[in-house]
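Below you'll find the structure, written out as structure tokens, and then a few comments.
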Amino acid sequence: MPKNRKKDGVGVGLIGLGTIGTGVARVLRQNGDLIAERMGAPLRLIRIADIDTETDRGVNLDGIVFDADAQGLVEDPQVDIVVELIGGYDVARRFTLEAIRAGKHVVTANKALLALHGREIFGAAAAAGVDVAFEASVGGGIPILRSLREGLCANRIHSVQGILNGTTNYVLTEMEKTGESFEIALKRAQDLGYAEADPTFDVDGIDAAHKLCLLAAMAFGVDLDFNDIPTEGIRHLVPLDFEIAAEFDYRIKMLGIAKEEPSHPGRIEARVHPTLIPRSSMLAAVDGALTAFLVDGDAVGSTLYYGAGAGEMPTASAVVADLMELGREVCRESAGRVAPLSYPQQNLSSPRVLPLGELQGRLYLRFEVVDLPGVLSHVTGGLADHGIGIESVIQRGPSATGEPVTVVVWTHPSPEAAVREALKRIDTGPEVLSPTRVLRIEEEVG
């Protein structure tokens, strides 16, 4: 049995004392005795570095070195594990790599950093014989990454899909419930603290795509380039979309989807976009600021993980869980018990992401047109000319000739490339007032 050389405790250095960093400090203070009992040694918060050393965070920091010297924290011999919670790319990357070079384990909640620089960071950690833990980067307090890496590791994963961003889920839930516009629902999310002042990463799908990179790596052993993931946001949705979806017993959710392509080795589906899903599905029942992950494995079947995917304490819970896992490694004087991405770095492959044009499925098409004779035949005829079957056509708006109206078409399963070609022609018509909006319909969700 390995000798425990850290009975005096495992030293932790925290870079970034914002919302999540404050939560981490609070959990370490409140649950310190419990953590020590479970680990067999205490986690000792030795140092904190943040550019703001004046603001009172409402947590007891007595006995902790608190200054703006992140470099000094990284180099401190008493610090065994560095926690990076500053966010962003460049500064976070620099301190993460410097901590690794100093022989420190690293915990981070920075999914953007890992999505863009993960190859470099994980490679450096493997070379240095240290670990990088990042459970909090996807799903906040939901242990989805640990489940993929360990609990489901005996399975061939067929798909990982889910509501990856709580902000967008809240906005969509409010739009459906109240009939309000995207702008009003987003403002409410900002007022409640669910959305940032600049919500671009959330509502344009960027945050979800960052997370999907990590989920796909763990599920399929692939080294995805974030820029290769087709990503669409929710800004173009209008209340009518939710009304019509409800009439057909569907709901609209922003999904991240990753699937293996067994008929095309070396290719996977990876995409982020708003999606119509059956009201009877498990994901459709997840509302508000909650997030959810649906994983389908060959042995286990479908499993669902959901809960608070963000926020101070749920995310801090995941960060401290990572600290405890790495703290046990420090105590055992070992590292690399499980590869961070579930697959050893050298076993990750570089797949081809299936282009959206090669998808085949049902689509929801919303046209804004002028109500004139021949307009409907222009729309339906343009689709028919490209072999697109029509399941339903709905018209909403004033009945006066010459007024703007909305026409919604539900298609039969069709190649998306053919639909896009048809829309190029349809959208050039003088009666069409704006580019056609396209939503995909996913039937096979849990």
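Results, tabulated for the structure shown:
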{"read-out": "Every residue from segment 325-338 that is surrounded by fewer than 18 Cβ atoms within 10 Å (Cβ to Cβ) and within 20 Å of Lys111 (Cα to Cα)", "value": "Val338"}
{"read-out": "All positions within segment 20-60 that are free of Cβ contacts under 8 Å to residues at least 40 places away in the same chain, open to solvent by less than 40 Å² (accessible area, probe 1.4 Å), over 18 Å from Gln78 (Cβ atoms) and not hydrophobic (A, V, I, L, M, F, W, C)", "value": "Asp50"}
{"read-out": "Some residue of segment 281-294 being acidic (Asp, Glu) and farther than 24 Å from Leu439 by Cα", "value": "no"}
{"read-out": "Count - residues of segment 188-209 that are surrounded by fewer than 16 Cβ atoms within 10 Å (Cβ to Cβ) and of a type in the set (Gly, Ala, Ser)", "value": "2"}
{"read-out": "Single residue of segment 413-422 satisfying the filter (under 30 Å from the mean Cα position of the chain (by Cα) and not aliphatic (A, V, I, L, M)) that is farthest from Tyr250 (Cα to Cα)", "value": "Arg420"}
{"read-out": "Any hit, segment 283-293, residues being over 23 Å from Asp204 (Cβ atoms) and of a type in the set (Asp, Glu)", "value": "no"}
{"read-out": "Failed condition for Val393, given (1) open to solvent by 40 Å² or more (accessible area, probe 1.4 Å); (2) within 22 Å of Ile252 (Cβ to Cβ); (3) of a type in the set (A, V, I, L, M, F, W, C); (4) touching an Asp or Glu at 6+ places or on another chain (Cβ under 7 Å)", "value": "(4)"}
{"read-out": "Pair list, Cβ < 8 Å and 6+ apart or interchain, from segment 61-78 residues that are free of Cβ contacts under 8 Å to residues at least 40 places away in the same chain to residues that are assigned to a loop (DSSP other than H, G, I, E, B) and open to solvent by 70 Å² or more (accessible area, probe 1.4 Å)", "value": "Ala68/Ile51"}
{"read-out": "Pair list, Cβ under 7 Å, 6 or more apart: segment 330-351 residue on the phi > 0 side of the Ramachandran plot, other residue assigned to a loop (DSSP other than H, G, I, E, B) and modelled with pLDDT under 80", "value": "Glu333/Pro2; Glu333/Arg5"}
{"read-out": "Residue that is farthest from Ile46 (Cα to Cα) [pool: residues in segment 75-100 that are out of contact with any strand residue (DSSP E or B) (no Cβ under 8 Å at 6 or more places or on another chain) and in a helix (DSSP H, G or I)]", "value": "Asp90"}
{"read-out": "Qualifying position, being open to solvent by less than 30 Å² (accessible area, probe 1.4 Å), of a type outside the set (Val, Ile, Thr) and farther than 14 Å from Gly11 by Cβ, among Phe66, Phe95", "value": "Phe95"}
{"read-out": "Residue within segment 238-245 that is closer than 30 Å to Gly18 by Cα, in contact with an Asp or Glu (Cβ under 9 Å, 6 or more places away or on another chain) and surrounded by fewer than 23 Cβ atoms within 10 Å (Cβ to Cβ) present", "value": "no"}
{"read-out": "Residues satisfying the stated conditions in segment 104-129, i.e. outside any helix (DSSP H, G or I) and either at pLDDT 95 or above or within 26 Å of Thr22 (Cβ to Cβ) (or both)", "value": "Lys104, His105, Val106, Val107, Thr108, Ala109, Asn110"}
{"read-out": "Breaking point among (1) within 15 Å of Ala136 (Cα to Cα); (2) crowded, with 18+ Cβ neighbours inside 10 Å, for Gly87", "value": "(2)"}
{"read-out": "Number of the condition not met by Asp371 [criteria: (1) modelled with pLDDT under 90; (2) touching a Leu at 6+ places or on another chain (Cβ under 7 Å)]", "value": "(2)"}
{"read-out": "Search result, residues across segment 70-84 that are surrounded by fewer than 16 Cβ atoms within 10 Å (Cβ to Cβ) and of a type in the set (Asp, Glu)", "value": "Glu75"}
{"read-out": "Residue satisfying all of: in segment 200-228; outside any helix (DSSP H, G or I) and at pLDDT below 95; nearest to Arg149 (Cα to Cα) among these", "value": "Gly221"}
{"read-out": "Residue match in segment 371-384 (condition: under 33 Å from the mean Cα position of the chain (by Cα), more than 24 Å from Asp80 (Cβ to Cβ) and either loosely packed, with under 13 Cβ neighbours inside 10 Å or in contact (Cβ under 8 Å) with a residue 24 or more places away in the chain (or both))", "value": "no"}
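Listed here are the residues, each with its yes/no results for (1) part of a helix (DSSP H, G or I); (2) open to solvent by less than 60 Å² (accessible area, probe 1.4 Å); (3) touching a helix residue (DSSP H, G or I) at 6+ places or on another chain (Cβ under 6 Å); (4) closer than 20 Å to Gly307 by Cα.
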position	(1), (2), (3), (4)
Ala136	yes, yes, yes, yes
Ile142	no, yes, no, yes
Val160	no, yes, yes, yes
Leu186	yes, yes, yes, no
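The values are calculated or read from the model by the stated rules, or taken from the named source; none is laboratory data. The structure presented is a predicted model; accordingly, all values stated were derived computationally and were not measured. Cβ coordinates were reconstructed from backbone atoms using ideal geometry, including for glycine residues, and neighbour counts include every protein chain displayed. Just so you know, the surface numbers come from the protein's heavy atoms only, side chains and all, with ligands and any DNA or RNA stripped out. Shrake-Rupley method; radii C 1.70, N 1.55, O 1.52, S 1.80 Å.
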